[in-house]
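No lab work stands behind these numbers, since they all come straight from the coordinates. Fair warning: this is a prediction, and the values are worked out from it, not measured in the lab. Positions of Cβ are generated from backbone atoms using ideal geometry, with glycine treated the same way; all protein chains shown enter the neighbour counts.
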Amino acid sequence: MSIDVRTDVTPNPNAMKFTAAKKMFDGRVIAKKGDQVSHPLASKLLAVDGVDNIFGYEDFVTVNKTFDADWEDLLPKIEEVFNNI
């Protein structure tokens, strides 16, 4: 199964917003690297090297990268998570 998402830049250069046409989260999910998360999508996003933390709510998730990570390297890995969830 895959989730089609639209990727949007945010005012924060270390954050990108991913919006789906359907609900991904029931309520709010806030988690950082190393947290134990029961939500499968949140857990897979946090497992991506370079992802620092996430904020998800219903049909969107904002992914914050680590300071030294590069979006050019990170985006294909994040898209792979959405394509394989």
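Assorted remarks:
- Using a simple spin-label model with pseudo-atoms 7 Å out from Cα toward Cβ, residue 26 and residue 9 lie 3.7 nm apart.
- Cα-based Kirkwood hydrodynamic radius, segment 5-83, one decimal, Å: 12.4 Å
- Burial ranking of peptide ranges 44-54, 16-26 (average Cβ count within 10 Å, highest at the top): 44-54, 16-26
- Calculated mean residue ellipticity at 222 nm for the chain: -7500 deg cm²/dmol, from DSSP H runs with n ≥ 4 weighted as -39500 (n - 2.57), summed, divided by the residue count and rounded to 500.
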